[in-house]
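The values are calculated or read from the model by the stated rules, or taken from the named source; none is laboratory data. Because the structure is a prediction, the values reported are computed rather than measured. Cβ atoms come from the backbone with ideal geometry, glycine included; neighbour counts cover every protein chain shown. For accessibility, only protein heavy atoms count, side chains too; no ligands or nucleic acids. Shrake-Rupley method; radii C 1.70, N 1.55, O 1.52, S 1.80 Å.
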Amino acid sequence: MKKIALFPVLAMAVALASCDDMLPNPEIQQNPELDLFAADGLEISQDNFGTTTPIDLQELADLGLQAQLAEITKLENFPATSTLTFGVEVSMTADFAKTATIELTPEGNAVLVPTATLNSAIYDNFTRTPGEYTLYTRWAAYAVDGNSSMRIGGADKYYGQYAYKIKTFKPARVLADSYVLRYRTSSGAAWQTMPMVKDNASATSYDDGGFTALVDVTAPGFEWTVMPTSDLGTGTQGIIGVAADAATALSGKLVESDDAAAQIIDAKASVTIAVDVFALTYGVVPSAVSEIYIASASTSLSDFTKMHTLSTGDFNEFTGTAPLGGKWYMAAQAADEGLFFMPASYTVANGNLKGALTMAFKPAGHETFDIEKGLYIIKAKFSDMAVEAILVPVISAIGQFNGWNTGTAVDLKPNADFSVWTVKDLEVKDAGGFKFCVNHDWAYSFGGSVDNIVQNGGDLNLAETGKYDITLDFSRQPATCTIVKK
C-alpha cells in the first residue's frame, strides 16, 4: 500500500484532549480568619496506609468501603454551627506543579474518601492509565457555615502533607500499546494487515488512543477493521469495528467485539483512516490533497476543468476566491467519485456563509450549499470541519495614486455574475504601486502579479501618470489583472 502522510487527521474524528490540558478544581472559597478559630485547635494525622501499603481502590470498591486518609486527633473551640471541611490538594509530583482539589468532610474523627472520588482525581487530572501511583497531598482546613467559608490558620496553613500509594480501578477495557489495520480490498478477498501509527508515541493508549493508517483505495468496496498487534493470528479476537449507529461511512462510532462489522470505503481515493481506540471513534479523510475543487452553479457542478480551487500551505486550512451563486459543494479530487464535502449545517448572515462540513463518497443525492450570486472568499478548515464563504461586496483600486487611502479608493464595477471587475479612466497623477482592497478595508485584499492575482498578494505597478482601464478577472484560474494605459 502506498503511504502518503500529508493531510492531517480531523479533530472531529478522533480528537482527544491530553491530560496536560485539564484544569485543577477551583480552591474552596476562603475568607479572612476570625479570632474564634485558633489554628492550633485542630490537629490531624495520616492513616496507616502511607506509602508502604497501597490503597487498592478496586478492592475497597468491591467491598463497598471508602478509603480512610487521615484521622482528626484534636478539635477544640470549633462552633457547633460550622462544619469542618478539608480541601485536599493532590498531585502526582512532590513539588505540586500540577494539582487538583478534592473536598472531604470528616465522619466523626475519620476523614474518608469514596473510592470513585479518589480514582477520578487521578483519572480526570493526571492520567487515565490504570496502575499504582504515589499521590502527594496537602491538607487545608475550612470552617463552613452555610454559604460562608473560612480557611483555618490562614492562606498558607496546611494541617498535613502526606503521600499515599494508590492503585487505581481496573479499566473497563484493556487497551494495547499498538494496533494494526485489518483490511481487504473486496468482500471476497483475503484479510491483510498493516501497522497503524500512534499519534502520540510517548502516551499510553488510555491517555491518547489515536492511531492512523494511510492507504490508497484502488477500487470501491475496501473493507477495514482494527485489532491489537498482540492479537494477530488469533482470528477475530480483539477486533474493533464499526458500530451499528455509526454516523456515516466516513466518521462515527466503533465497537470492540469479535463479530464487529467492517467499515467500507466505497470509492477510489487516497485516505487516512484515523481511530481512537479509547473513545472508540473513527474518521476517514483525504490523505494527500493539495487543492479542493469548488463545484458551483456559477462555473460547473460536474465539469472539473471549469471549477475554481482552494489552495493550502498546511494541508488543513484551504482558501481561495470564486464566483458563486446557487448550489455549490467541495471535492477533494477532480473526479465524480472519491471524497466530497457537503454541509452538515450552515447559516447565511449579511451574505456571508458559515457552516459545518460532512463528507460523502459521491456528490449525487447529497445536500449542497445555497448562496446568493456574488464573488466570495472561501475558507475551509478541515481539522474543525468548518467552512466560510465571505461575500466580496466592493473591490477598489488603492495605491500610490491616492496615497493608499482606503476611504478614497476607487471602486471597480462587477459584471453580471461578479466574476470580472473593471474600472475605467482611473486617473493616476502619482505613479507607483497599487493593489485592490475589499470593502474599503485591509482585512482582505488582492495583489500579486498581473497573471496571478491572489488574496493578500503583493503590490502591482502603474509605471506612468495618466489614465488607465483596469480589469480584475476571477472567471478562471489563476485570476488575472489587465492594465491598459489610455
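Rank Ala443, Met92, Tyr206 by how far each Cα sits towards the positive end of the charge dipole of the chain (+1 on Lys, Arg Cβ; -1 on Asp, Glu Cβ) and give me just the farthest.
Ala443
Going by alpha carbons, how many degrees (0 to 90, nearest 10) lie between the helix axis of 115-125 and the longest principal axis of the chain?
30 degrees
With only alpha-carbon atoms in the gyration tensor, what are the semi-axes of the equivalent ellipsoid for region 113-267, in Å, largest first?
Gyration-tensor ellipsoid for region 113-267: 47, 17, 13 Å.
In straight Cα distance, which lysines are under 20 Å from Lys429, not counting same-chain residues fewer than 8 positions off?
Answer for Lys429, where 20 Å is the Cα cut-off: Lys467, Lys485, Lys486, listed by chain and number.
How many percent of the accessible area of region 147-233 is carbon or sulfur, using a 1.4 Å probe?
Taking all protein chains in place, region 147-233 shows 50 percent carbon and sulfur surface.
When the scattering of region 231-350 is computed by the Debye formula from its Cα atoms alone, each counted once and equally, what is log10 I(q)/I(0) at q = 0.15 Å⁻¹?
-0.80
In the structure shown, do any of Lys165/Lys198; Lys306/Lys381; Lys98/Lys381; Lys381/Lys424 have a Cα-Cα gap over 27 Å, and if so which?
Lys165/Lys198; Lys98/Lys381; Lys381/Lys424
Give the residue from Asn456, Ala297, Leu391 lying farthest towards the positive end of the charge dipole for the chain; charges sit on Cβ (+1 for Lys and Arg, -1 for Asp and Glu) and the dipole is referred to the Cα centre.
Ala297
Given (i) 21.3, 70; (ii) 22.7, 74; (iii) 31.8, 98, which label gives Rg and Dmax of the Cα atoms in Å as computed from the coordinates?
(iii)
Heavy atoms only, 1.4 Å probe, whole protein assembly: order Arg138, Arg128 by accessible area, highest first.
Result of the area sort, largest leading: Arg138, Arg128.
Taking the full set of protein chains and a 1.4 angstrom probe, give the accessible area of Leu391 in square angstrom, rounded to the nearest 10.
40 Å²
Taking the dipole about the Cα centre of the chain, with the C-beta of Lys and Arg at +1 and of Asp and Glu at -1, give me whichever of Ala70, Ile44, Thr218 is farthest to the positive side.
Thr218
Compute the length gained on full extension between Asn109 and Ser345: take 0.36 nm times their separation in residues and subtract their Cα-Cα distance, giving the result in nm to one decimal.
Numbers: separation 236, 0.36 × 236 = 84.96 nm, distance 5.74 nm.
Stretched out fully, the Asn109 to Ser345 stretch lengthens by 79.2 nm.
Provide the per residue accessible area, probe 1.4 Å, for region 335-486, rounded to a whole number of square angstrom.
46 Å²
Give me the dipole magnitude in Debye, nearest 20, for region 106-187 about the Cα centre, with unit charges on the beta carbon: positive for Lys and Arg, negative for Asp and Glu.
480 debye
Nothing charged except the Cβ atoms of Lys and Arg (+1) and of Asp and Glu (-1): what's the magnitude of the dipole of region 142-267 about its Cα centre? Round to the nearest 20 debye.
Values: 10 positive and 14 negative charges, 113 e Å.
Approximately 540 debye in magnitude.
Which peptide among 212-219, 201-208, 459-466 comes first, and what is the full order, when sorted by highest mean count of other Cβ atoms within 10 Å?
Going by the mean number of other Cβ atoms within 10 Å, highest first, we get 212-219, 201-208, 459-466.
Using the Cβ atoms and a cut-off under 11 Å, what net charge is assigned to the surroundings of Asn316, where Lys and Arg are +1 and Asp and Glu are -1?
Residues close to Asn316 contribute a combined charge of -2.
So if I take the centroid of the Cα atoms in region 271-290 and the same for region 321-359, what is the distance between those two points in Å?
21 Å
Average projected area of the Cα convex hull of region 369-479, in nm²?
7.5 nm²
Please state the charge dipole magnitude for the chain, taken about the Cα centre, from unit charges on C-beta atoms (+1 on K and R, -1 on D and E), reported in debye and rounded to the nearest 20.
Numbers: 32 positive and 56 negative charges, 372 e Å.
The dipole of the chain has a size of about 1780 debye.
Across 10 Å bins from the origin, how do the percents of Cα pairs in region 70-126 run, short distances first?
For region 70-126, the binned pair fractions read 20, 45, 26, 9 percent.
How big is D, in µm² s⁻¹, for region 56-98 by Stokes-Einstein at 4 °C and 1.567 mPa s if Rh is the Kirkwood radius over C-alpha pairs? Mind dumping the intermediate values first?
Details: Rh = 14.1 Å.
Reported coefficient: 92 µm²/s.
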